[in-house]
Structures are given as C-alpha cells and as structure tokens.
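One structure below.
The values are calculated or read from the model by the stated rules, or taken from the named source; none is laboratory data. Keep in mind the model is a prediction, meaning the values are calculated, not measured. Cβ atoms come from the backbone with ideal geometry, glycine included; neighbour counts cover every protein chain shown. These accessible areas exclude ligands, DNA and RNA; they are computed on the full protein's heavy atoms, side chains included. Shrake-Rupley method; radii C 1.70, N 1.55, O 1.52, S 1.80 Å.
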Amino acid sequence: MSSKKDKKKRKSDAKPAETAHMPSREFSTKARIPSMKAYRKLYKESIDSPSKFWAREAGELSWQKKWKKVLDWKAPDAKWFVGGKLNVCENCVDRHADGPRANKAAIIWEGEPGDKQVITYAQLKREVSRVANVLEKKGVKSGDRVLIYMPMIPEAAYAMLACARIGAVHNVVFGGFASDAIVDRLEDSGATTVITADGGWRRGKVVALKPVVDEALKKYKKVERVIVAKRTGNDVTMKKDRDSWLHDDLKDVSALHSPKGFDSEHPLFLLYTSGSTGKPKGILHTSGGYLTGTYTTCKYIFDMRDEDVYWCTADIGWITGHSYIIYGPLANGATQVMYEGAPNFPDFSRFWQICEDHGVTIFYTAPTAIRAFIKAGDDLVKKHDLSKLRLLGSVGEPINPEAWNWYHKVIGGGRCPIVDTWWQTETGAIMISPMPGATPCKPGTATLPFFGVDAAILDEQGKECKANEDGRLVIRKPWPSMIRSIYGDKKRFKKTYWMDYKGMYTAGDGARRDRDGNFWIIGRLDDVLNVSGHRLGTAEIESALVAHPAVAEAAVIGRPHELKGQAVACFVILKGKHRESEQLRQELRNHVGKIIGAIAKPDDLHFAPGLPKTRSGKIMRRLLKELVNTGKVTGNVTTLEDPTIIAKLAKIIAK
Ligand code: WT7
C-alpha cells in the first residue's frame, strides 16, 4: 500500500534543477519564434494591443462573415469576434480538402490490434460530411446536445467534427467512465442523441461500450437516437426505432454537405470535469475564440509544419483530445497519428514502434506515461529509431525533473526541446509554455505565459507575490478560448472562477515564479486530485462510497504516487452491522469503479473507527493528508471533536 519509496522519490524531485536547457541553433533558426527577443516583442503586443494580435491570428482562419469587434468584455462574460460567423468544421476540414492539402494525410490511425487507416483531408471531408448528413436526416439540429461515448477510432473524430459542422453541441464522455457518469451528463446537458460504438480494444481485450450506454438509458429516457459504430464485433442489443448502426445509416446519404456559418459565440461543446463538489461541471466552449486559441497555440508552441507528423497520445474524452487532436492540429492542416489502445500493448515499446513506423516528429504526452516508460526500462526505447522526433510536449501535471531529464535524453536523444504546457479544461488552450525555439527550460517549470495570457501569482490579499513566493495562479485578462460558463449554472461559474479577485480568473492552482519569471505549478488548491493526469473530485469519490449500503461515511484524499502523480486514499466508516474484511475492501474499490470509472478506484482503502472532525462536524482532510503523507500530525488537535482519533488512524495506516 502507501509506500515509503514514493514519498522519498517525490521529495528529491522537489528541488528545482538549476541548469536551463537551450534549444539548438538548428531548431531555433527554423522556428516561428526563434529568440526570446521575438517572444517578448510579440508577447508585449498581445498584452498591450490584444485586439490587434488576436485579429491577425483569427484572420488566418476562414470566416463566412467577418467580425465587427474583436472582444466584448464585461467580467466574467466574454464575447470574442463579435458578429463574426464561421464553421469550425469547415476550418478543420474543407479549408484543407479544397486546397493543396487534399491528398495529404490528416489522420494516420492505428488500432490496438495493429489495423491501420490513412485518412486524407479529402477523405476526411467526405466522411465527416456523410456523418453530418446522417445526423441531420435523423433530426439533429443546431444547438442540440449530442453525447459521444467512443473509443479512439476515426469515427470518433468524424462524430465530433460532424456535430461542429451542423452546429450541434458535442459532449464527449471518456470511454473509461461508467454508466452513472453517462446518466449525470445526459441529465445535465439534456442530450437527445448518443453516438457510441459496440466497443473498443484495450490491452488485447474488448471494452464494451454500447452495453454501458444501454444501462444508462434505462435511467435516462429522453434519448431519441443512438448511433452505433461497429468496431469490435461484440454482441450488442439494438433497440428498435432508437438504435441504428452507423454503417447502415451511411449507406443512404451523400458525401456532400455544405457547412453553414455559425455565430462566433455559438456553443461548440460541453466537457464535464471535476470540481470541489460531487457534481461534475459542464465546461462550455464556443466557436470562434476556441478555434483561434487552439489554432494559434498549435502553430507557435508545437511549431507545426506541413512536413511534421504530430502525435498527441491523449484520449478524445479529455480536453487535450479536443484541443490538440481534433481542433488545433486539424485547423493547422497537420498530419497526425491517432492510436486506439494502451501504451503497454503488447508491451511498453508500442509508442516507440508507432513513432518509428510513422516517422513522428512532434510527440505530446503526460508525465504519468513518461514515468511508466522509465519504469519499463530504456531497452524498450533503444531498439527503436526515434531520430525523426524534433519536439516533445508534456501536459496534465507538473513534470518531475527526473521524468523531464529522461524524456529529454532517452526519447528526445538530447536534441528535442520539451514544451511543458500548463492549461486546463476551462482555459481551452495552452496558457503557460515554453516557445520551443526560444525559451530556456529548467526541468519542472512550464516557464512563461503564451501570447495574450496575462498570468500572475497573487497572495490572499490580491497582491502580486514576490519571486519564489507561493501564491494563487490567476489570469488577469480574457483570452479567446476561455470557458464561457458552466452549462446551465452561471452562478456556479461566477463563484468558482471569478470571486477570489475582482475581474480575474482563478485557476485553482498554487504556483510560484522564479527570478527569471518562470511559473512553477505546485498543484491544486481545491479538493481536486490529479491521478495520472486525470482530474477527480474527492467529493465525487466520497459520494460514490457513501452510496454503498455498507458505508456510513467516507473521506478521500490524495497521496503522492510514483507513477500516477497522485493516488486515491480513502477512509471509510462502516454502518453498524457491517464488519471490515478484505473482501469488503475490494468490493468498495470496485463499487467506486462501477459508479465513476476505473480511474477513480481507490488505491488505499482504510476502514476507520472515526474521522478527524471539528466540533461543528467538518472533516479535517488536511489532517488526514498529513497523516497519510508523514505518518503523524504536528500541531494542535485539541479542537477536534475526538482528539484520540488521530492516534487510532495512525495505527491503522501503519499496518
Ligand atoms: C489541471 C487541469 C490541460 C489538459 C489536461 C488536464 C494540472 C495541467 C499541467 C502542467 C502542472 C498541470 C493543473 C491544472 N496541470 N497541466 N503542465 N504542469 N500542472 O486538464 O483535467 O482540466 O486539469 O491539471 O493542476 O489545474 P484538466
């Protein structure tokens, strides 16, 4: 269980490394931003004259009607490219398909079993148009919410782009989430259409998806149509007049579909993410600003070129998959790899085999994956030709210097800059990151703000922190790809992000800046865990636990974990007649998996006689955290309702 080794390792990582890595002259000369001077000049313009900067960037996209005004800002409400009309899908697909990129590969797809497909921009246009025609024929209209629950197959990209094309609002739900998570999202979004697949491949096995949707639709009755892509061939039941096979639907539609222009602020998608309450928030993103943000960040931060082969290993169920698989790279006309399965199937060399086979030049992954590769051993990397790689990226959590250095040396051969990109579901696009051809990089820092991003670190009183002083990360000015609201809950939107400091966005992360201005992200300040780069609310896991008939009360906290970054530790008080047992422990872990999804399964589950509570009944999670992380609690505990509980819990943890 809780291992001493984990703690030791993380501690030694906490020391900021002093040496800054510089991009090679060769890389810099070719890069769009070749020097710090160039970065500073453009950054200054983007902050002093944001309208000028963003109008130029947005002007590189295709608009059916030009905007009248770049920004309308009345905190916290932003309207970007006011009065403009565009079709997001047209920008990602038709713009390239109808020009010299027609026969360029848009997606080089690889299934886990090894099947492959190369989809050119011209093909992508036809496929997406056909799916758009299917949706329209079935009565899906602009503004309707469509829930997408799919594996990483080309049809998932078609489904998202087809929604965008007809103005429907997609809500992608990660394929690892359980049926209750689907129910919550259907209820909150009011979706009437579901696009799914029979299943997907993961670690050599079929992960069934359609049966999970069926389970959810027993509880939520308002879905009128379920469209099912055939991938794995597992048995599924199809409900008459509601369910249809995508391949059947496609037979009757044309490959021509003309993309209508939508208002720049037309909703593009909802993506649910965890917060500090039990109920996930539907983050709302809109069209023109979001596309401009993802397009621009890809262009400068990944320095994407026509000759690049880009690969982002995220799943489309997360914001990284939305912004840096679908919208950003395709808006840039990039060629990218899309992979269905697990990094360790058949073994941990799979990613490097894919990089070698397709000549990947830009590779974007998460620190948790890097740590798993380190553990698997360098031999699995070394037998592959990774010489085409020129740029590496990291996202999802702070990258510990050990992982950074390994990534740089073993994967990047010491020649590839690493962009450590800080951002969030809410920010829509990368906010803090090196410019690969310019920024000196110290392992562990996301370095400097992107163009137009006015990031700062403030203390409780709202004063800017001095160098190396810990504080709260805020964004002081609006940016195009920013969250517009929490779906259906403007009040919660205001309360969560805009109440700490007037007119400023609070990210919920603690951070500090060093003397060179680099941002070092420390981690979440709220009750949100980051497990393998996935965001989980402690309250969500607690509410799953107490939904079990044996559980009276539960408290969930995070503890450092060597591979996952954070692990889920929980304390459970059983109801009267229930007795603790190994079997019940496993049952409760699986129960959380069943309600939320496997990623939320607690790593440690302690049966507890009580919890540290204040006299007013508030659980002191801070004390539990200290106890789990250090084995003891320093400081005064006499204000607790039952001060003896600490010693009892310490004994249980030590077991
Ligand atoms: C939280 C957002 C951004 C897409 C994936 C996660 C943490 C993200 C970094 C980074 C340090 C990072 C933050 C943030 N985070 N990237 N490069 N360095 N921390 O999106 O699920 O919305 O989670 O992930 O704590 O608030 P998300």
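Remark: pairs (first residue in the stretch 255-269, among the basic types (Lys, Arg); second residue in a loop (DSSP other than H, G, I, E, B); Cβ separation under 9 Å; 6+ apart in sequence or on different chains) = Lys260/Gln64; Lys260/Asn87; Lys260/Ser142; Lys260/Gly167.
Farther than 20 Å from Ile283 by Cα and at pLDDT 95 or above, is that true of Asn171? Outline the logic, then answer.
On the way: farther than 20 Å from Ile283 by Cα: no; at pLDDT 95 or above: yes.
No, not satisfied.
Of all residue pairs spaced 6 or more apart or on separate chains, those with beta-carbon atoms under 6 Å, a first member in the stretch 433-445 that is within 16 Å of Ile362 (Cβ to Cβ) and a second member that is away from the ligand (no atom under 15 Å from the Cβ) and among the aromatic types (Phe, Trp, Tyr) are Met435/Tyr39; Gly437/Phe27.
Each row is one residue, and each column tells you yes or no for (1) more than 30 Å from Ala20 (Cα to Cα); (2) touching a Ser or Thr at 6+ places or on another chain (Cβ under 9 Å); (3) surrounded by 18 or more Cβ atoms within 10 Å (Cβ to Cβ).
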| site | (1), (2), (3) |
| --- | --- |
| Ile457 | no, no, yes |
| Lys463 | no, no, no |
| Trp479 | no, yes, yes |
| Lys490 | yes, no, no |
| Lys495 | yes, no, no |
| Tyr501 | yes, no, no |
| Asp509 | no, no, yes |
| Asp514 | no, yes, no |
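Just one of the listed residues (Val360, Val381) is open to solvent by less than 20 Å² (accessible area, probe 1.4 Å), more than 16 Å from the ligand (Cβ to nearest atom) and either among the acidic types (Asp, Glu) or not in a loop (DSSP other than H, G, I, E, B) (or both), namely Val381.
Would you confirm whether any residue within the stretch 131-141 is under 24 Å from Lys279 (Cβ atoms) and outside any helix (DSSP H, G or I)?
no
Might you check whether a residue that is closer than 16 Å to Glu397 by Cα and either surrounded by fewer than 23 Cβ atoms within 10 Å (Cβ to Cβ) or not hydroxyl-bearing (Ser, Thr, Tyr) (or both) occurs anywhere in the stretch 578-598? For the stretch 578-598, residues closer than 16 Å to Glu397 by Cα and either surrounded by fewer than 23 Cβ atoms within 10 Å (Cβ to Cβ) or not hydroxyl-bearing (Ser, Thr, Tyr) (or both): absent. Filtered by the rule that a residue be open to solvent by 10 Å² or more (accessible area, probe 1.4 Å) and part of a loop (DSSP other than H, G, I, E, B), the stretch 179-217 gives Gly190, Thr192, Arg203, Gly204.
For every residue, the table says whether it meets (1) among the hydroxyl-bearing types (Ser, Thr, Tyr); (2) within 11 Å of the ligand (Cβ to nearest atom).
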position	(1), (2)
Tyr487	yes, no
Phe493	no, no
Tyr505	yes, no
Gly510	no, yes
Gly523	no, yes
Ser532	yes, yes
Glu540	no, no
Ala544	no, no
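Could we say that Thr313 is over 23 Å from Gly413 (Cβ atoms) and within 16 Å of the ligand (Cβ to nearest atom) here?
Details: over 23 Å from Gly413 (Cβ atoms): no; within 16 Å of the ligand (Cβ to nearest atom): yes.
For Thr313, the condition - over 23 Å from Gly413 (Cβ atoms) and within 16 Å of the ligand (Cβ to nearest atom) - is not met.
For (1) closer than 22 Å to Phe450 by Cβ; (2) in the same structural domain as Gly597 (by TED's automatic domain parsing), each residue gets a yes or a no:
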residue	(1), (2)
Trp479	yes, no
Arg484	yes, no
Lys490	no, no
Leu536	no, yes
Ser543	no, yes
Ala550	no, yes
Ala555	no, yes
Gln566	no, yes
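Val226 fulfils the conditions (1) assigned to a helix (DSSP H, G or I); (2) out of contact with any Pro (no Cβ under 9 Å at 6 or more places or on another chain); (3) not charged (D, E, K, R) except for a single criterion, (1).
Within the stretch 220-232, residues that are aromatic (Phe, Trp, Tyr) sit with their Cβ atoms under 8 Å from residues that are surrounded by fewer than 20 Cβ atoms within 10 Å (Cβ to Cβ), at 6+ positions apart or across chains, in these pairs: Tyr220/Val183; Tyr220/Glu187.
Within the stretch 465-477, restricting attention to residues that are assigned to a loop (DSSP other than H, G, I, E, B) and open to solvent by 30 Å² or more (accessible area, probe 1.4 Å), which residue is nearest to Met36 (Cα to Cα)? Spell out the reasoning first.
The initial filter retains those residues of the stretch 465-477 that are assigned to a loop (DSSP other than H, G, I, E, B), namely 465-470, 476-477.
Now restrict to residues that are open to solvent by 30 Å² or more (accessible area, probe 1.4 Å): 466-470, 476-477.
Numbers: Lys466: 23, Ala467: 20, Asn468: 22, Glu469: 25, Asp470: 26, Arg476: 23, Lys477: 22 Å.
Among them, the one singled out is Ala467.
Comparison of Tyr327, Tyr300, Tyr310, Tyr339 shows that the only residue that is over 30 Å from Ala539 (Cβ atoms) and open to solvent by 20 Å² or more (accessible area, probe 1.4 Å) is Tyr300. In the set (1) under 30 Å from the mean Cα position of the chain (by Cα); (2) modelled with pLDDT under 95, Pro609 fails one condition alone, (1).
Within the stretch 393-415, count every residue that is polar (S, T, N, Q) and within 13 Å of the ligand (Cβ to nearest atom).
From the stretch 393-415, those polar (S, T, N, Q) are 394, 400, 405; that's our starting set.
Subset that is within 13 Å of the ligand (Cβ to nearest atom): 394, 400.
The qualifying residues number 2.
Within the stretch 46-79, the set of residues being under 13 Å from Tyr295 (Cβ atoms) and not in a helix (DSSP H, G or I) comprises Gly59, Glu60, Leu61, Ser62, Trp63.
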